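Here the structure comes first, spelled out in structure tokens, and everything after it is commentary.
Since every read-out is calculated from the coordinates, none of them should be taken as a lab result. Just so it is clear, the structure is predicted and the values come from calculations on it, not from any experiment. All Cβ positions, glycine included, derive from the backbone under ideal geometry; neighbour counts span all protein chains shown.
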Amino acid sequence: MNTIKLFQEDVYIKKFTATVINKDIEDGKSVIILDRTAFFPAGGGQSSDFGTINGLSVLDVFEKNGVISHIISGSADFNTDEMVTCEIDWPHRFKNMQRHCGEHILSGMFFREYGGVNRGFHMGKEYMTIDISLEENSNFTEITWAMAKNIENLSNSIIWKNAPVITRFFENREEAEKLPLRKALAVDDDIAIVCVGNIENPSDCVACCGTHPAFAGEVGLIKILKVEINKGMYRIHFKAGEEALLDYQEKHEIIAKLNSRYSANTFDLLEKVFIQEEKNKAYRAQLNTFRQLLLKERVMETEAALVSSDGIAVVSFEALKVDDLLQIGRSVTDEISKLLLIISYEESTILFFSDGKTVDCGKLVKETAHIYNGKGGGNNNQARAILPKPENIPTYIDLIQKHLR
Ligand SMILES: [Zn+2]
């Protein structure tokens, strides 16, 4: 016996009673079949309802051959023929109805204005998309952002007119096909046709088994977020209903924070960000000039240290990165008699440079760094040791000097 679909009789039923027809246990979950239900099973791109049966949470609802099953975690403590009290999670359902009906209106508008056919619909937790194909209409070769905005405006005007959303049920396709459908029928019987607005010139008219509000006004708002080309079609990312409001609220928070950060208002924010970017570019160029000057000076200091050393020269420089120190070491390689050590206390790193003959840098690091729990390595000419504690560097340097004498 097919389950009586209360959501088809009245989509606003939130609480109802029903008789348990069958109860099974599958994979530790109860599978409940009722004589009638307001729980919408997943279908038409719309996810299933949640809610409770006698206070027990309904995790999933699905339909097979006209029979609707309700999944409850664990063993349900009611029996066949028992009357149960059911309640659907209305906020979740209403959000689904808003999003789903938003998709109808948007798809209907793309069809009416540009002949675009909705060939794919995704209604996930995070985002919603429709894939619009222009293949059947030669007047348009692409969907631009301006065209999408036009559709967005038209769709919202339908919401503001509070157009009725009417579902008509048909036993067979003959009668159903008399309606101005935007898509060919895929089923032969038990057909539900949803029309938004005037039946003579509807904003949308298509077969659909989902749940819809009675009036477009309940959708509240439709916002297109992005248009992208996908597999020769146009993928429209959008939000509808409460989700669109939440999106606006979140983005407003971000803009408000940016406004405060840049001392801007929303309308000069972009300009202020561009000005800051230009300033940053100039700062970077200036910083690079100073860096080059500093490097030149440090190279000269390193050369002086090499000249006055007994073969092992040690220098340490602040405010320069290890990459800069490498550049200094490499530029004085020809002047090293035995070993040059360049220290970065900030990065707890010691760079080793030699001519590669008198001292093998890589071997030296391998033999010594572990004494201070350090790590590192390198080759004959060049190596680096990284110590966990920079305060150990002076004693480590002493150790190196003693090791080489
Ligand atoms: Zn629908």
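At 7 Å along Cα-to-Cβ for each site, give me the label-to-label distance between Leu258 and Ser331 in nm.
Roughly 4.0 nm, to one decimal.
Answer rounded, prolate or oblate for the stretch 195-309, using the Cα gyration tensor with square roots of eigenvalues a ≥ b ≥ c: rounded when a/c is under 1.5, else prolate when a/b is larger than b/c, else oblate.
Since a/c reaches 1.5 and a/b is larger than b/c, the shape of the stretch 195-309 is classed as prolate.
Could you give the length gained by full extension between Asp188 and Tyr345, i.e. 0.36 nm per residue of separation minus their alpha carbon distance, to one decimal place?
48.7 nm
Test of understanding: ordering Phe39, Phe50, Phe7 by Cβ neighbours within 10 Å, fewest first, what list do you get?
On the way: Phe39 31, Phe50 17, Phe7 20.
The fewest-first ordering by Cβ neighbours comes to Phe50, Phe7, Phe39.
Classify the stretch 4-82 as rounded, prolate or oblate, taking a ≥ b ≥ c as the square roots of the eigenvalues of its Cα gyration tensor: rounded when a/c is under 1.5, otherwise prolate if a/b is larger than b/c and oblate if not. Walk me through the intermediate numbers first.
Values: a/c = 1.60, a/b = 1.33, b/c = 1.21.
Since a/c reaches 1.5 and a/b is larger than b/c, the shape of the stretch 4-82 is classed as prolate.
Is the C-alpha gyration tensor of the stretch 96-160 telling us rounded, prolate or oblate? Criteria: a/c under 1.5 is rounded; beyond that, a/b larger than b/c is prolate, otherwise oblate.
Oblate is the answer for the stretch 96-160, as a/c is 1.5 or above yet b/c matches or exceeds a/b.
Which of His100, His70 has the fewest other C-beta atoms within 10 Å, and how do the rest follow up to the most?
Lowest count first: His100, His70.
What is the order of Arg182, Arg384, fewest Cβ neighbours within 10 Å to most?
Neighbour counts put them in this order, fewest first: Arg182, Arg384.
Give the separation of the Cα centroids, the stretch 384-402 to the stretch 290-324, in Å.
The stretch 384-402 and the stretch 290-324 have Cα centres spaced 18 Å from each other.
Give the distance, in whole Å, between the Cα centre of the stretch 325-379 and the Cα centre of the stretch 182-241.
Here the answer is 69 Å between Cα centres.
State to the nearest 20 debye the size of the charge dipole of the chain about its Cα centre, where the only charges are +1 on K and R beta carbons and -1 on D and E beta carbons.
The dipole of the chain has a size of about 1400 debye.
Run the numbers on the stretch 172-317 and let me know its relative contact order in percent, using alpha-carbon pairs under 8 Å that are six or more apart.
That works out to 10 percent.
Apply the Debye scattering formula to the chain, with a single equal point scatterer on each alpha-carbon and no solvent, then give log10 I(q)/I(0) at q = 0.06, 0.08 Å⁻¹.
So the normalised log intensities work out to -0.53, -0.68.
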